Amino acid sequence: MIPPARHVSSHLQVQVKSTADLVFSVAVSGDHPGLSESLIFRLDGEEIEAEEQLDSSRSRLHRLRETAPGTLTVDYEADVPQPAPAAQLQGIDEILYTRPSRYCDSDRLANLGATHFAGLTGYELMSAVTQWVRTKVSYQPGSSRVVDGALETYLSRVGVCRDSAHLVIAFLRGLNMPARLVSVYAPGLVPMDFHAVVEAWHDGAWHLLDATGLAPRDSMVRICTGRDAADTAFMTTLAGSTRLRRIRVDARVDGELPYDDKFSFRTLS
């Protein structure tokens, strides 16, 4: 299905308490053709320049070095008229996304995964893992800590989108299927925010999985791709002291939202 044109935006207000080195991941990935966008950083009302860095997955990171204390605002908006080409397996992706990572501790969940999903492979495995997390983990804002990984989510059975995504990824990796986290703009998401979903590699394609089922997958727009939330956070403070004071995210499509049966397989476009 060809997705409708999508329109996305985000606004962040950050209090910089001491000189900081900051990285933001709010811009749509570099894969989208015909993209029209604006990204503006202002410190105490004065526009400042950010350094853009592109990683192997075409994620665009914007870095502000030695940001002086003050009120920093980040304003991004983009019109996405066309779908991006299907993501491909790059370099060492198959190794990188099968190893355990900071929040996807697949080594600690491998035996549990083998018990829950014994004998399943391929599409059946992806479907079973997604459905298990969807039915066993309750979506509850504020229920998890930023330090919690997949094992904590398995034990608590509550979390937000990133927690469900981490658990799906950990189960799949523990059963030798490459899987990774993707941050997206998600038209139809309620409450509106940045959203975290999963891509799993099978049969020559990255398949898009969302255990929350909170937004239609065909409407989503890729922002950043990585091993887990440590790689895909919308804001990272590398040095200094900051406080996020405000965040606003908006995402919509032209016309009606596409229908998602939540069970068929999709690729992110």
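Computed values, structure above
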read-out	value
Spherically averaged projected area in nm², based on the convex hull that wraps the Cα atoms of region 93-232	7.4 nm²
Helical contribution to [θ] at 222 nm, DSSP H n ≥ 4, -39,500 (n - 2.57), averaged over the chain, rounded to 500	-6000 deg cm²/dmol
Unit charges at the beta carbon, dipole of region 219-269: most positive-side option, T237, F265, A251	T237
Within the chain, longest stretch clear of exposed chymotrypsin sites (Phe, Trp or Tyr not before Pro) (DSSP loop, no more than 16 other Cβ within 10 Å)	1-258
Linear extension gain, D261 paired with A114, 0.36 nm per residue minus alpha-carbon span	50.2 nm
Residues of region 12-36 with amide N under 20 Å of a point placed 7 Å along Cα→Cβ from E46	13-22
For the chain, built as a Gaussian network whose Cα springs stay under 10 Å, the top-fluctuating residue of T135, T73, T236	T135
Cβ charges +1 (Lys, Arg) and -1 (Asp, Glu), total dipole of the chain, debye	800 debye
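Just so you know, all these numbers are worked out from the coordinates, no wet-lab data involved. Keep in mind that this is a model prediction, so the values were computed, not measured. Using ideal geometry, Cβ is built from the backbone for each residue, glycine included, and neighbour counts are taken over all protein chains shown.
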